[in-house]
Amino acid sequence: MGSIFLPNLRTGWHVDQAILLEDDRLVIIRFGRASNRECMLMDEYLFQIAEKVKNFAAIYLCDIDDVPDFNQMYELYDPCTVMFFYRNKHMMCDFGTGNNNKLNFPIHDKQELIDIIETIYRGAIKGKGLVISPVDYSSVRRQ
């Protein structure tokens, strides 16, 4: 349901424009397939928090089949990937999983997702390119 209400970026140009034109807010792009179960869940969580984070984050969706331009560049091989950008700069976050470039595992708690977004935003406005996640997911993922 969330994928219906969140803005979809239909071409590579739209993705570039979303990243380039936002000066004051964090740009969050969920790359994946709307038909994938993980993406559906992530879209739902992103939609539910969109109103709460609208002052400091803009959330977009991008289907990796419709817009394959970034698949190789951002290594979009996972079913669902969330990436963060601030002032045309890719923001990285250390989740403790070894992959600092993107969030490629499901977050099942809305407040946890808000905390991650807020942490990345606070680091971004301070000029940091890499921030540490408020939760270490290295042991959480081993279940």
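The values are calculated or read from the model by the stated rules, or taken from the named source; none is laboratory data. Keep in mind that this is a model prediction, so the values were computed, not measured. Ideal geometry is used to build each Cβ from the backbone, glycine not excepted, and the neighbour counts take in all protein chains shown.
Worth a mention:
- Exactly one residue out of LEU76, LEU61, LEU9 is touching a Phe, Trp or Tyr at 6+ places or on another chain (Cβ under 6 Å), modelled with pLDDT of 95 or more and either surrounded by 16 or more Cβ atoms within 10 Å (Cβ to Cβ) or polar (S, T, N, Q) (or both): that is LEU9.
- Here ASP24 passes the criteria (1) in contact with a Ser or Thr (Cβ under 7 Å, 6 or more places away or on another chain); (2) free of Cβ contacts under 8 Å to residues at least 40 places away in the same chain except the one numbered (1).
- On inspection, LEU20 qualifies as among the hydrophobic types (A, V, I, L, M, F, W, C), in a helix (DSSP H, G or I) and closer than 18 Å to TYR121 by Cα.
- Test: residue in segment 122-143 that is closer than 15 Å to ILE29 by Cα and at pLDDT 95 or above: no
- Applying the condition of being surrounded by fewer than 19 Cβ atoms within 10 Å (Cβ to Cβ) and assigned to a loop (DSSP other than H, G, I, E, B) to segment 79-95 and asking which residue is modelled with the lowest pLDDT yields PRO79.
- All positions within segment 23-58 that are assigned to a loop (DSSP other than H, G, I, E, B), surrounded by 14 or more Cβ atoms within 10 Å (Cβ to Cβ) and at pLDDT 95 or above: ARG25, PHE56
- Within segment 92-113, being over 26 Å from GLY127 (Cα atoms) and in contact with a strand residue (DSSP E or B) (Cβ under 8 Å, 6 or more places away or on another chain) holds for one residue alone: PRO106.
- If only residues of segment 99-118 that are of a type in the set (A, V, I, L, M, F, W, C), in contact (Cβ under 8 Å) with a residue 60 or more places away in the chain and part of a helix (DSSP H, G or I) are counted, the one that is nearest to ARG25 (Cα to Cα) is ILE117.
- Every pair of residues 6+ apart whose Cβ atoms lie under 9 Å, when the first sits in segment 70-91 and is farther than 23 Å from LEU21 by Cα while the second is surrounded by 16 or more Cβ atoms within 10 Å (Cβ to Cβ) and of a type in the set (Ser, Thr, Tyr): GLU75/THR81
- Here ILE132 does not qualify as under 14 Å from the mean Cα position of the chain (by Cα), within 19 Å of ALA57 (Cα to Cα) and not hydroxyl-bearing (Ser, Thr, Tyr).
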